[in-house]
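Chemist: Below you will find the structure I want to go over with you.
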Amino acid sequence: MNDESLPVSPAARVIVPVVLGAFVVGIWQLLVWWLEVPRFVLPSPSLIASALFTDFGSLLTSLWITLRITLMAFFIALAAGVALAVLSVQSRLVEISIFPYAVILQVTPVVAIAPLILIWVGLEHVDRALLILATIVAFFPILSNTTLGLKSVDHNLCDLFQLYGASRWQRLRLLQMPAALPYLLGGMKISGGLALIGAVVAEFVAGSGTGAGLAWRIIESANRLLIPRMFAALLLLSTLGISIFLLLAGLEKLLLGRWHESAVQRER
């Protein structure tokens with residue numbers, strides 16, 4: 001019997017990573033204490049926890065700013081990506097018109113266009129620049145995955161709908177969108193993380209001192225050698241990213257759990 005055939009309980013999926021994480025943190029604390037590593041090089045977990053507790057108010061405010069930009073960018077990318085995917089599937093002309101530019105936006109590093117976006121919107125509107133840049137980063141996975149899903153419909157079912165005289169709207173609503181749902185949800189999980197990354201990278205590039213998100217807290221802490229607070233901000237960023245992924249994974253399980261092969265649990 002190999003490991004893949006062994007059943008894994010939901011509790012074990014939580015307990016095992018927590019135990020491993022606690023072990024790593026314990027080793028980290030022990031080594032920092034034993035080797036007397038300076039706090040400005042690598043702070044101990046206890047110092048990071050202390051900094052998180054001391055600066056929790058300001059860090060929480062920065063967390064909310066980063067979260068707000070991330071969610072706004074994600075939902076804009078979701079709406080625009082799905083809409084353009086539907087249009088591109090309905091019209092070949094639309095597809096060949098927009099996809100080259102979507103690819104250009106995807107492959108162009110956000111750090112290269114961030115200064116230009118900042119100039120266009122003005123330094124007094126840094127939040128707008130962060131929103132635009134985060135949206136650009138999060139847009140392409142939604143567009144490409146949804147387009148792929150809409151094109152992956154069984155041709156026999158398409159012929160059946162055509163045989164019964166279904167309209168284009170009926171084919172889209174009853175056949176193509178359900179078939180594309182797993183692809184869309186997969187793209188959303190990627191896009192959610194990229195929206196956060198885009199917001200953080202954009203704020204790093206902005207670096208004007210007018211930012212107030214977690215990325216600016218990291219820059220500020222590094223400049224002042226407040227390394228424990230920098231690690232605390234990093235911890236909050238990681239927690240935010242994990243939370244976004246888990247929420248989208250839960251949504252995927254909720255929508256696909258009863259019918260799609262990727263989510264249905266099979267007895268072994």
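Chemist: When you check ALA179 against the structure, is it among the aliphatic types (A, V, I, L, M), open to solvent by less than 20 Å² (accessible area, probe 1.4 Å) and part of a helix (DSSP H, G or I), yes or no? Don't jump to the end; show me each part of the working.
Modeler: Working: among the aliphatic types (A, V, I, L, M): yes; open to solvent by less than 20 Å² (accessible area, probe 1.4 Å): no; part of a helix (DSSP H, G or I): yes.
So ALA179 fails the test.
Chemist: Go through the residues of segment 190-205 one by one and say whether even a single one is at pLDDT 85 or above, open to solvent by less than 20 Å² (accessible area, probe 1.4 Å) and touching a Pro at 6+ places or on another chain (Cβ under 8 Å).
Modeler: Looking through segment 190-205, at least one residue is at pLDDT 85 or above, open to solvent by less than 20 Å² (accessible area, probe 1.4 Å) and touching a Pro at 6+ places or on another chain (Cβ under 8 Å).
Chemist: Specify the residue that is farthest from VAL107 (Cα to Cα); the eligible residues are those in segment 133-159 that are over 24 Å from the mean Cα position of the chain (by Cα) and open to solvent by less than 80 Å² (accessible area, probe 1.4 Å).
Modeler: My answer is LEU157.
Chemist: Oh, and also: Within the group LEU225, LEU247, LEU251, LEU184, which residue is hydrophobic (A, V, I, L, M, F, W, C) and open to solvent by less than 30 Å² (accessible area, probe 1.4 Å)?
Modeler: Just a single option satisfies the conditions, and that option is LEU184.
Chemist: Would a scan of segment 98-112 turn up a residue that is touching a residue at least 60 places away in the same chain (Cβ under 8 Å) and open to solvent by less than 30 Å² (accessible area, probe 1.4 Å)? It would help to see each step written out before you state the result.
Modeler: First pass over segment 98-112, keeping only residues touching a residue at least 60 places away in the same chain (Cβ under 8 Å): 110-111.
Now restrict to residues that are open to solvent by less than 30 Å² (accessible area, probe 1.4 Å): 110.
Within segment 98-112 (the criterion being touching a residue at least 60 places away in the same chain (Cβ under 8 Å) and open to solvent by less than 30 Å² (accessible area, probe 1.4 Å)), the answer is yes, since at least one residue qualifies.
Chemist: Another question, if that's okay. Which pairs have Cβ atoms under 9 Å, sit 6 or more apart or on different chains, and link a residue in segment 77-91 that is within 14 Å of ILE132 (Cα to Cα) and touching a residue at least 40 places away in the same chain (Cβ under 8 Å) to one that is small (Gly, Ala, Ser) and in a helix (DSSP H, G or I)?
Modeler: What qualifies is ALA77/ALA134; ALA77/ALA138; ALA77/SER191; ALA77/ALA195; LEU78/ALA138; LEU78/GLY187; LEU78/SER191.
Chemist: Listed residues ARG68, ARG39; which is out of contact with any Phe, Trp or Tyr (no Cβ under 7 Å at 6 or more places or on another chain), open to solvent by 50 Å² or more (accessible area, probe 1.4 Å), of a type outside the set (A, V, I, L, M, F, W, C) and not in a helix (DSSP H, G or I)?
Modeler: ARG39
Chemist: Kindly indicate whether MET230 is touching a helix residue (DSSP H, G or I) at 6+ places or on another chain (Cβ under 7 Å), of a type outside the set (Phe, Trp, Tyr), farther than 22 Å from PHE75 by Cβ and crowded, with 17+ Cβ neighbours inside 10 Å.
Modeler: yes
Chemist: Then there's this: Identify the single condition in (1) modelled with pLDDT of 85 or more; (2) among the aliphatic types (A, V, I, L, M); (3) outside any helix (DSSP H, G or I) that ALA85 does not satisfy, given that it satisfies every other one.
Modeler: Tallying (1) modelled with pLDDT of 85 or more; (2) among the aliphatic types (A, V, I, L, M); (3) outside any helix (DSSP H, G or I), ALA85 fails exactly one: (3).
Chemist: Taking only segment 85-102 into account, find how many residues are among the hydrophobic types (A, V, I, L, M, F, W, C) and under 15 Å from LEU172 (Cβ atoms).
Modeler: 5
Chemist: Return yes when THR210 is β-branched (Val, Ile, Thr), open to solvent by 40 Å² or more (accessible area, probe 1.4 Å) and either at pLDDT below 90 or at positive phi (or both) and no when it is not.
Modeler: yes
Chemist: Looking at VAL111, VAL137 in this structure, which one is in contact with a Ser or Thr (Cβ under 9 Å, 6 or more places away or on another chain), assigned to a helix (DSSP H, G or I) and hydrophobic (A, V, I, L, M, F, W, C)? It would help to see each step written out before you state the result.
Modeler: On the way: VAL111 fails: in contact with a Ser or Thr (Cβ under 9 Å, 6 or more places away or on another chain).
Among VAL111, VAL137, only VAL137 is in contact with a Ser or Thr (Cβ under 9 Å, 6 or more places away or on another chain), assigned to a helix (DSSP H, G or I) and hydrophobic (A, V, I, L, M, F, W, C).
Here is a yes/no grid of residues against (1) part of a helix (DSSP H, G or I); (2) surrounded by 14 or more Cβ atoms within 10 Å (Cβ to Cβ); (3) out of contact with any Cys (no Cβ under 9 Å at 6 or more places or on another chain):
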position: TRP120; (1), (2), (3): yes, no, yes
position: VAL126; (1), (2), (3): yes, yes, yes
position: LEU131; (1), (2), (3): yes, yes, yes
position: GLY165; (1), (2), (3): no, no, yes
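The values are calculated or read from the model by the stated rules, or taken from the named source; none is laboratory data. Nothing here was measured: the structure is a model prediction, and the numbers come from that model. So basically every Cβ, Gly included, is an ideal-geometry build from the backbone, and we count neighbours across all protein chains shown. Note: accessible area is taken over every heavy atom of the protein model, side chains too, but ligands, DNA and RNA are not part of it. Shrake-Rupley method; radii C 1.70, N 1.55, O 1.52, S 1.80 Å.
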